Amino acid sequence: MKNTMKLFFRRKGNIILLISGIIIPLFFLLFTYGGSGQLRIGVVDKDKSLISQDLINSLGETDKFKVVFLKEDEINDKVSKGKVDSAIVIPQKFEEGILKGNPKDVEIVSIKGEEATLFLKSYLDRKINVLYNLARASYGNEESFYRMYNIYKNNPFRLQVVIVQDISKTAVAITRSLGFFIMFLMFSTFNISNFILVEKRDKTFYRIFASPLKPKTYLVSNFLLNLIMTVFQIAFVLLFVTFILNLGFTKATFDVFLVLVSFGIASIGLSSMIVSFSPSTSYSNTLSTLIIIPTCMLGGVFWPLYLMPETLQKLSDFIPQKWAIDAIEKIQMGGSLSNVYIDIIILLAFALTFILLGIYKIKTSEKMGDFI
């Protein structure tokens with residue numbers, strides 16, 4: 001184990017991969033989770049009436065919107081440069097249209113699609129619909145309309161507000177970040193397993209077995225060092241997410257730890273199998289890339305599985321990444337170990353299968369010659 005660790009840290013590329021596997025997912029998480037969550041709404045009020053001013057003020061009073069007043073000729077520039085998420089234009093005679101029961105449309109300008117406009121459109125529709133109903137109830141009588149409108153504004157009813165935590169954005173960000181971490185973890189476990197081939201290539205392997213060291217001891221030491229490095233990376237990432245960013249997994253961080261360790265063991269088993277089936281280091285490097293990247297894509301590491309065709313979703317059942325992501329998502333929804341133990345068992349079954357296939361190949365393989 002000591003010898004393998006020396007070999008691992010002797011190469012700068014391995015150190016860079018190890019650090020990248022921790023830093024990049026955390027940066028992705030910070031970038032995705034960062035920000036206040038408010039939408040910056042540019043406003044152009046052509047009507048400048050009591051109704052239009054109240055509509056604008058109501059936008060600013062919510063915690064979802066930040067109002068930025070614009071001139072009409074600034075809209076396209078501000079929206080295209082991302083200085084505002086969306087812009088609204090309140091047309092002239094907006095109040096007059098409300099009073100006559102024929103409200104004019106409020107124009108919404110955005111380049112971000114429904115992500116930025118859906119909630120805004122829903123909010124405006126609800127507000128304008130209330131004004132329209134008040135106008136109908138007043139039968140065009142302006143005095144009656146404003147009397148009812150003032151009653152509506154003053155909220156003559158009691159509303160009990162209960163604050164609940166919206167973890168949806170956090171859950172998605174953490175799941176995608178851990179997905180990237182899973183990919184880097186697989187490359188890291190492969191690099192350590194690959195030292196078996198490196199030592200065969202450098203002929204160190206044969207000198208080691210000229211000593212009384214047993215092959216089983218050699219293979220177990222590689223596995224244990226791989227497991228220690230894997231647990232270290234998992235623990236560091238989860239501690240950072242839980243205690244530094246204060247983004248807990250609904251108080252089930254330990255459950256996520258067990259899921260990721262189970263996946264780590266499966267990843268070590270896969271790496272060992274790749275190494276055992278590879279006749280050279282260059283072959284194993286190519287094979288690992290051809291296996292890890294596509295399986296991460298199919299396993300839902302980079303995007304949700306429901307975005308893929310049904311056939312690919314069924315194919316993902318034979319990929320360990322899918323079960324790790326599935327377990328993490330269940331925990332994010334408030335599940336516990338009782339909800340994910342099947343996923344953990346499947347991950348360990350993958351690990352056992354890979355390890356047995358690797359052992360079988362090693363036992364049946366002929367004596368290795370020169371390595372490329």
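Points to keep in mind about this one:
- Summed over the range 89-121, the residues that are among the hydrophobic types (A, V, I, L, M, F, W, C) and outside any strand (DSSP E or B) give a count of 9.
- Qualifying position, being touching a helix residue (DSSP H, G or I) at 6+ places or on another chain (Cβ under 8 Å) and crowded, with 23+ Cβ neighbours inside 10 Å, among 278, 271, 288, 336: 271
- The residues listed here are 204, 250, 230; of these, the one that is at positive phi and either at pLDDT 80 or above or not hydrophobic (A, V, I, L, M, F, W, C) (or both) is 250.
- Test result for residue 281, in contact (Cβ under 8 Å) with a residue 12 or more places away in the chain and either at negative phi or not assigned by TED's automatic domain parsing to the domain that holds residue 259 (or both): yes
- A single entry from 42, 21, 13 fulfils the requirement of being within 20 Å of the chain's Cα centre (by Cα) and either modelled with pLDDT under 75 or not acidic (Asp, Glu) (or both): 21.
- Residue match in the range 342-357 (condition: within 26 Å of the chain's Cα centre (by Cα), over 21 Å from residue 231 (Cβ atoms) and free of Cβ contacts under 8 Å to residues at least 40 places away in the same chain): yes
- Options 124, 55, 134; residue that is farther than 21 Å from residue 151 by Cβ and in a helix (DSSP H, G or I): 124
- Some residue of the range 115-129 being among the small types (Gly, Ala, Ser), in the same structural domain as residue 68 (by TED's automatic domain parsing) and surrounded by 11 or more Cβ atoms within 10 Å (Cβ to Cβ): yes
A quick yes/no check of all residues on (1) touching a residue at least 12 places away in the same chain (Cβ under 8 Å); (2) in contact with a Phe, Trp or Tyr (Cβ under 7 Å, 6 or more places away or on another chain):
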residue	(1), (2)
41	yes, yes
52	yes, yes
62	yes, no
65	yes, no
73	no, no
78	yes, no
88	yes, no
94	yes, no
102	no, no
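- Contact map, the range 212-228: residues that are touching a residue at least 12 places away in the same chain (Cβ under 8 Å) and more than 17 Å from residue 198 (Cβ to Cβ) paired with residues that are assigned to a helix (DSSP H, G or I) and aromatic (Phe, Trp, Tyr), Cβ distance under 8 Å, separation 6+ or inter-chain. No pairs are found.
The values are calculated or read from the model by the stated rules, or taken from the named source; none is laboratory data. This is a predicted model, so every value here is computed, not measured. Glycine also receives a Cβ, built like all others from the backbone with ideal geometry; neighbour counts cover every protein chain displayed.
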